Amino acid sequence: MTDLSWLIARPVAHRGFHDMNKMRWENTLSAFAAAAERGYAIECDVHISSDGVPVIIHDGDLKRLTGHDGFVWQRTAAELATLKIGGTRDHVPTLQEALDLIDGRVPLVVELKGAPGHDAGLVASVGRLLKRYRGKVAIMSFDHWLIRDFAKDAPGIPGGLTAYGKDNQLIEAHFAMLAHDLAFTSYAAGDLPNPFVSFVRGKLKMPVITWTVHDQPAVDLTFKYADQMTFEGFEPDLVKVA
């Protein structure tokens, strides 16, 4: 089994260490720099541009973050780089820009965002970049069709399931994904405990991180039922929670 102790060794800054989109916005190079400077691991979201380049942005729709109409998949990486995030100086970065900035200083967890019918090559393009990267890195996704490509298109890179829910239908769907050689899971803190997390953590000894932790009750749930948190909106103590 791959040693993923590094994945749970320190809190994970959700979309980087941003300030809830006041001055330092989510998924920007500024947020990643702030996280790395503080020693936090980093989570980011990746889509694929129209010319096949992995770019970092959460929403497929550009409106909330850039003020522009349209979708990520409709624009080239160069076009996306001209769009400013939240009216700041930060642009929509490529994954390569983030890798160059972080440069192995802290772990990175890359969440792949699917766009049905418009995400061909996403896993493979991310896999190629990460294969050359020397830092600690993992990939994950909510999207089952992307996870099914992890082993083929991103071999050797730890892959995880991003998940939520407690109802039987969702839990059964999560169990079905264990056929795809998952290495960890990232689960909604508010949906703990549940049979899936208990099984993968207890029986499979698989690390579990949580999302997205904003307050002490979610911190408490995380460290009772999981191994580490993906946090936002506060600054955790690295010593106490690691």
Exercise for review: Work out how much length residue 205 to residue 237 would gain on full extension: take 0.36 nm times their residue separation and subtract the Cα-Cα distance, in nm to one decimal.
Suggested key: 9.0 nm
Practice item. Please identify, among 191, 61, 69, the residue showing maximal mean-square fluctuation in a Gaussian network model of the chain using a 10 angstrom Cα cutoff. Key: 69
Study note, to complete from the structure: Once normalised by the length of segment 141-190, the mean sequence separation of its alpha carbon contacts under 8 Å that are 6 or more apart gives a contact order in percent of 43
Exercise for review: Using the structure shown, list the pairs from 203/224; 63/131; 131/152; 84/136 with a Cα-Cα distance above 21 Å, or answer none.
Suggested key: 63/131; 84/136
Check your understanding: With labels modelled as points extended 7 Å from the Cα through the Cβ direction, what inter-label distance (nm, one decimal) is found for residue 89 paired with residue 145?
Key -> 4.1
Check your understanding: Using mean Cβ contacts within 10 Å as the protection proxy, how do 82-91, 50-59, 192-201 order, highest first?
Key -> 50-59, 192-201, 82-91
Exercise for review: Quick one: angle between helix 216-225 and the longest Cα principal axis of the chain, in degrees between 0 and 90, rounded to 10, please.
Suggested key: 60
Exercise for review: Any chance you could look up the accessible area of residue 162 with a 1.4 Å probe, heavy atoms only, rounded to 10 Å²?
Suggested key: 0
Practice item. With θ set to phi - 60°, apply the Karplus curve 6.51 cos²θ - 1.76 cosθ + 1.60 along segment 38-47 and write out the HN-Hα couplings as whole Hz, x wherever there is a Gly or Pro. Key: 8, x, 8, 5, 10, 10, 9, 10, 10, 10
Point to revise | Spatial separation of Cα centroids for segment 164-236 and segment 74-128, in angstrom | key: 25
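The values are calculated or read from the model by the stated rules, or taken from the named source; none is laboratory data. Small disclaimer: the values here were computed from a predicted structure and weren't measured. All Cβ positions, even for glycine, are placed from backbone atoms using ideal geometry, and neighbour counts span all protein chains on display. Heavy atoms of the whole protein, side chains included, go into the accessibility calculation; ligands, DNA and RNA do not. Shrake-Rupley method; radii C 1.70, N 1.55, O 1.52, S 1.80 Å.
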